[in-house]
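What follows is a single structure, written as structure tokens, with notes after it.
The values are calculated or read from the model by the stated rules, or taken from the named source; none is laboratory data. What you see is a predicted model, and the numbers here were worked out from it, not measured in a lab. Using ideal geometry, Cβ is built from the backbone for each residue, glycine included, and neighbour counts are taken over all protein chains shown.
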Amino acid sequence: MTRTTTIQIRGRGPLPPEESLVSRTRPSNDYNWDVTHSVLPGADLIEIGLKDLSDGLESVPALLVSIGAPRLQRVGIVVPHPFPSPERRLYALLQQTEGDAAHARYNALIRRLVSYERAAECAR
């Protein structure tokens with residue numbers, strides 16, 4: 001049974017699985033890369049972040065992927081043009097949108113990133 005999912009990018013419409021940036025950056029010799037990485041915890045944020053980075057858009061997911069760029073690149077994901085000082089930029093962006101809850105939101109996002117990174121390393 002094949003499961004097809006669509007990732008909704010706020011304000012941009014759905015991103016079909018065949019246009020997945022994670023799948024386009026996978027090692028060519030790894031057949032299970034698409035399936036494995038699309039179901040990992042936090043894959044939705046990583047996918048959107050990669051798309052935003054390739055479009056040059058500074059967003060919460062793009063900054064999150066920029067934070068995790070070194071570790072993501074070690075598992076074979078090409079991270080296009082990560083932002084400099086992404087930790088500070090992410091926190092500043094969250095302060096604008098979340099106010100007093102920025103710290104909690106920042107920590108939650110970092111936990112999702114680390115969860116994805118650990119799972120991706122295990123899936124290798």
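Quick notes on this structure:
- Number of the exception - GLY42 against (1) more than 20 Å from TYR106 (Cβ to Cβ); (2) buried (at least 20 other Cβ atoms within 10 Å of the Cβ): (1)
- Within region 115-124, the residues that satisfy the criterion of being of a type in the set (A, V, I, L, M) and either modelled with pLDDT of 95 or more or surrounded by 17 or more Cβ atoms within 10 Å (Cβ to Cβ) (or both) are ALA119, ALA120.
- Any hit, region 59-71, residues being farther than 21 Å from ALA119 by Cβ, touching an Asp or Glu at 6+ places or on another chain (Cβ under 8 Å), of a type outside the set (Gly, Ala, Ser) and surrounded by fewer than 23 Cβ atoms within 10 Å (Cβ to Cβ): no
- ARG105 under 14 Å from the mean Cα position of the chain (by Cα), charged (D, E, K, R) and surrounded by 14 or more Cβ atoms within 10 Å (Cβ to Cβ): no
- Any hit, region 81-89, residues being under 21 Å from LYS51 (Cα atoms), without any contact (Cβ under 8 Å) to a residue 24 or more places away in the chain and of a type in the set (A, V, I, L, M, F, W, C): no
- In region 73-113, the residues that are under 15 Å from ILE46 (Cβ atoms), among the β-branched types (Val, Ile, Thr) and in a helix (DSSP H, G or I): ILE110
- Residues of region 36-54 include none that is under 11 Å from the mean Cα position of the chain (by Cα), polar (S, T, N, Q) and modelled with pLDDT of 90 or more.
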